[in-house]
Structures are given as structure tokens and as C-alpha cells.
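Everything on this sheet refers to the single structure shown next.
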Amino acid sequence: IPLRNFLMMYESPLKPDRVVTTLAELARKIFNPRNFKGFVSPHEFLQACSVATKKKFFTTQKDPAAFMAWLLTRLHTFLKDKKTGKSILNRCFEGEVVVRTSLLNDDSAPTLEKKEATMFLTLEPPPEPLFKDQRDFIPRCQLFVMLEKFNGETMHTTVKGEVKRYSLRRLPPYLIMVFKRFKKNNFAWEKNPTIVEFPVKNLDLKDYLAQEVADERFNPETRYDLVSSICHTGKPEAGNYKCFVHHSPSQQWQEIQDLRVTPVLPQVVALAESYIQMYQRADVQADGSFTEVDWEAALEHVEEQPVVDDVAPEDLAEAGIIIG
């Protein structure tokens, strides 16, 4: 919603970017209440993207996650403020992840902590089992199991012998998740068909926040509602993509594939092979406003943890605690 509002009020500079201007024009046409026609053509925007990418995404079917990453980078490059280096995309999608790096089998080495800004989170579904009990077996996995990657304790070993642990630090108003379903081996692309079971409403990420920012002063709202899901059906290099979008005024889910728009139940959304998901934080209002936290002020008022001294056994005995 904030990005839509920004595009509808966008004024082209002296040297405009064709991708940004056509996207702004498309947003105005879609949300124009006086539209004469009941449909809007995105061909001008697609043509501008084709020219800007030198037809990289338009000759054959490509990965939508790669196109999304390119589009976010393109918009941020031409919309960022020259003084701050921030754009409307930072305000909508940017979060922070804490990465703690240590060496494998070397406890004496110090642990390095780094804060990295990210526009979306990547999650890996578990691999498909080699031996199946039934012929029509469909592997399933809970989203919360995949989110254990960001609990701050799960270890991820790299090729360089480093151990990385991830945890969330700052939650954005709109959270994008990408499930890494496609993987290329020595011969061809492979697809992981695991069905990810996820909640459509009230996805709470409080348990995955770093300990130092788990206070409500840093992340006052940690619950999210699903607003969009892109799914893939069929073979890895072919197949079809379709999108599920939640229409907030009518509280109705719509399935969009090419020119076909069909209302569906929320249960259908949860059973699809989701590839990219977008969640909206619970405090985002209908006009696009949301709670913004002043991190510098919150960090200044962090109270130091009091140090608890070791208590002697005699004092514990006097308090009625029996040792041993």
C-alpha cells in the first residue's frame, strides 16, 4: 500500500527512468476509479523492462524471484534519496538480520557479529525423501520448521569451514519470503515439490528475533498476514506460474493466471506449491500508515542487564532452598 501510494503521486524528474515511469502509470490506471475499461494492459511496463534488461527475462520463461530482485534493485537505484541513500523500498521491505560467524572446530576463535540489511528472506524446504511409502506420496513441511534457520542457534556450515547462525533484528512492514525450490545439478534443473504448510493469518515471528531486540520498543508488532503468494506447477524448466492475491476490502482470495481471475478459498492457497510469499504486518492500516520505530532513540534507552552475583549455599538455605 505505501508503494502504491508513492507511485500514484510520483512525478517524473528531468531525466526519468522508463521502468519507473511506466510502473507509476500502470499503478494510476489500475487504481483509477473513473476507468472507462474494466481491464488495464501492462504491456508498456513489460516493454520497458525488456529494453532495460536486454530481453533477459522475456525470451524464455525465467525465475520470477530473479526478476523480483532485479526490479527491486532498479527501483531503489532511481528512487533513492541522494543524501540518505534510502528509498520507498527501504521503508516498505527492508529488514535486518544478525549473522554470527565462527570457525568450525575452533572454540578459541572469536565470534564475529554482523548486521545485514535484506529485502527478502530465503528459506530452503527439506529435500524430497528417496524412499516413499506410497506412490502418490507428497512431502510436507511446516513453515515454522524452515524458520528455525533464524532462531540464532541453528548452525549452517559453509564451504570455507565457517559456522553461521542467523536471527532477525528488524521486521519490515512487508515481509517477502522466497522458497528455494529450484536447484541445478550437472545435467538439468530439479524442483523440490515439498508442500509448505503456513498460516494465512497471524504468523508470529517473535521467537526468531535476536535477544537484544526482543523488547517491544524495537519491534512492537511481530504478527503478519499473508497478502500474496506466487506458486509454480509442472516441470522445473517449464510449468506454469499463478498468483494468489488477497483483496482486503472484500476479504476474498483471488487466483490470477494470465487473463483469468477466479475467487478461491483460503484452503486452496495453503495447499499450493508456494514459491514466493508476501506478508503484511498487522499494524499496517488501510491508508498505508504503520508504526515506525526510532531505533537510535530505542538503543539509547536500553537498560543494562543487572549482574547477579553467585549466592552462597548458606544464604540459599536461609531462604528455604535445600541444596543437594
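Mean residue ellipticity at 222 nm from the helices of the chain, using -39,500 (n - 2.57) per DSSP H segment of n ≥ 4 over the full residue count, to the nearest 500 deg cm²/dmol?
-6000 deg cm²/dmol
Would you mind checking segment 207-236 for residues with the amide N under 17 Å from a putative spin-label position 7 Å along Cα→C-beta of residue 256?
Counting backbone N atoms under 17 Å from the label point, the list is 226-232.
Quick check: net charge around residue 98, other residues with Cβ under 14 Å of its Cβ, Lys/Arg +1 and Asp/Glu -1?
For residues surrounding residue 98, the net value is +3.
Taking only protein heavy atoms into account and a 1.4 Å probe, give the accessible area per residue of the chain in Å².
Heavy-atom SASA per residue in the chain reads 65 Å².
I'd like the Kirkwood hydrodynamic radius of segment 141-242, using the inverse of the mean 1/r over distinct C-alpha pairs, in Å.
So the Kirkwood estimate lands at 16.1 Å.
Angle between the Cα long axis of helix 43-52 and the longest principal axis of the chain, 0 to 90 degrees, nearest 10?
Here the helix axis deviates by roughly 70 degrees.
Roughly how many Å² of residue 261 are accessible to a 1.4 Å probe, to the nearest 10?
Result for residue 261: roughly 90 Å² accessible.
By accessible area of protein heavy atoms, probe 1.4 Å, what ranking do 59, 262 get, highest first?
59, 262
What do you get for trypsin sites (Lys or Arg not before Pro) in segment 1-71 restricted to DSSP loop and a cutoff of at most 14 other Cβ within 10 Å of the site's Cβ?
Counting only loop positions with at most 14 other Cβ atoms within 10 Å, the trypsin sites (Lys or Arg not before Pro) in segment 1-71 are 34, 37, 54, 55, 56, 62.
What do you get for the angle between helix 64-79 and the principal long axis of the chain? Use alpha-carbon atoms, 0 to 90 degrees, nearest ten.
In the chain, helix 64-79 runs at an angle near 90 degrees to the longest axis.
Which whole-number percent is the relative contact order of the chain (Cα, under 8 Å, 6+ apart)?
14 percent
How much length is gained if the chain between residue 9 and residue 84 is pulled fully straight, taking 0.36 nm per residue apart and subtracting their Cα-Cα distance, in nm to one decimal?
24.9 nm
Which GluC sites (Glu not before Pro) from segment 1-95 combine a DSSP loop assignment with at most 11 other Cβ atoms within 10 Å?
Within segment 1-95, the qualifying GluC sites (Glu not before Pro) (loop, at most 11 other Cβ atoms within 10 Å) are 11.
Straight-line reach from residue 115: which lysines have a Cα under 28 Å away, not including same-chain ones fewer than 8 places off?
80, 82, 83, 86, 149, 160, 164, 180, 183, 206
Once the Cα atoms of helix 18-30 and of the chain are each reduced to a long axis, what angle between those two axes, in degrees from 0 to 90 to the nearest 10, is obtained?
Around 80 degrees separate the two axes.
Please give the net charge around residue 272, taking every other residue with its beta carbon less than 15 angstrom from that of residue 272, where Lys and Arg add +1 and Asp and Glu add -1.
On the way: positive: 140, 181, 191, 242; negative: 197, 255, 273.
Residues close to residue 272 contribute a combined charge of +1.
Which loop-located chymotrypsin sites (Phe, Trp or Tyr not before Pro) does segment 1-89 contain, where loop means any DSSP state but H, G, I, E or B and the Cβ has at most 12 other Cβ atoms within 10 Å? Walk me through the numbers before you get to the answer.
Working: sites: 6, 10, 31, 36, 39, 45, 57, 58, 67, 70, 78; in loops: 10, 31, 36, 39, 57, 58.
When the chymotrypsin sites (Phe, Trp or Tyr not before Pro) of segment 1-89 are filtered for loop state and at most 12 Cβ neighbours within 10 Å, 36, 39 remain.
Of the labelled options (1) 0.95; (2) 1.03; (3) 1.29, which one gives Rg/Rh (Cα atoms, Kirkwood Rh) as computed for this structure?
(2)
What order do 43, 247, 232, 76 take when sorted by accessible area (1.4 Å probe), most exposed first?
Descending order: 43, 247, 76, 232.
Once you list every other residue whose beta carbon is under 13 Å from the beta carbon of residue 223, what net charge do they have if Lys and Arg are +1 and Asp and Glu are -1?
Summing Lys/Arg as +1 and Asp/Glu as -1 gives -3.
Using θ = phi - 60° and the Karplus curve 6.51 cos²θ - 1.76 cosθ + 1.60, what whole-Hz ³J(HN,Hα) does each residue of segment 114-126 get, with Gly and Pro shown as x?
Whole-Hz 3J(HN,Hα) from phi for segment 114-126: 9, 9, 10, 7, 9, 8, 7, 9, 9, 10, 10, x, x.
Report, to the nearest whole %, how much of the accessible area of the chain belongs to carbon and sulfur atoms, 1.4 Å probe, protein only. Could you put the intermediate results ahead of the total?
On the way: 11470 of 21220 Å².
Result for the chain: 54 percent of the exposed heavy-atom area is carbon or sulfur.
Which of the three applies to segment 161-306, rounded, prolate or oblate, going by the alpha-carbon gyration tensor with a ≥ b ≥ c and a/c under 1.5 meaning rounded?
Verdict is oblate for segment 161-306.
Using 0.36 nm per residue, how much length does the chain from residue 238 to residue 138 gain when fully extended, once their Cα-Cα distance is taken away?
Extra length from residue 238 to residue 138 when fully extended: 34.0 nm.
Kindly report, to the nearest 10 Å², the accessible surface of residue 204 as traced by a 1.4 Å probe over protein heavy atoms only.
Accessible area of residue 204: about 60 Å².
The values are calculated or read from the model by the stated rules, or taken from the named source; none is laboratory data. Just so you know, these numbers come straight off a predicted model, no measurement behind them. In this analysis, Cβ positions are derived from the backbone assuming ideal geometry, glycine residues included, and neighbour counts consider all displayed protein chains. Only protein heavy atoms, including side chains, enter the accessible area calculation; ligands, DNA and RNA are left aside. Shrake-Rupley method; radii C 1.70, N 1.55, O 1.52, S 1.80 Å.
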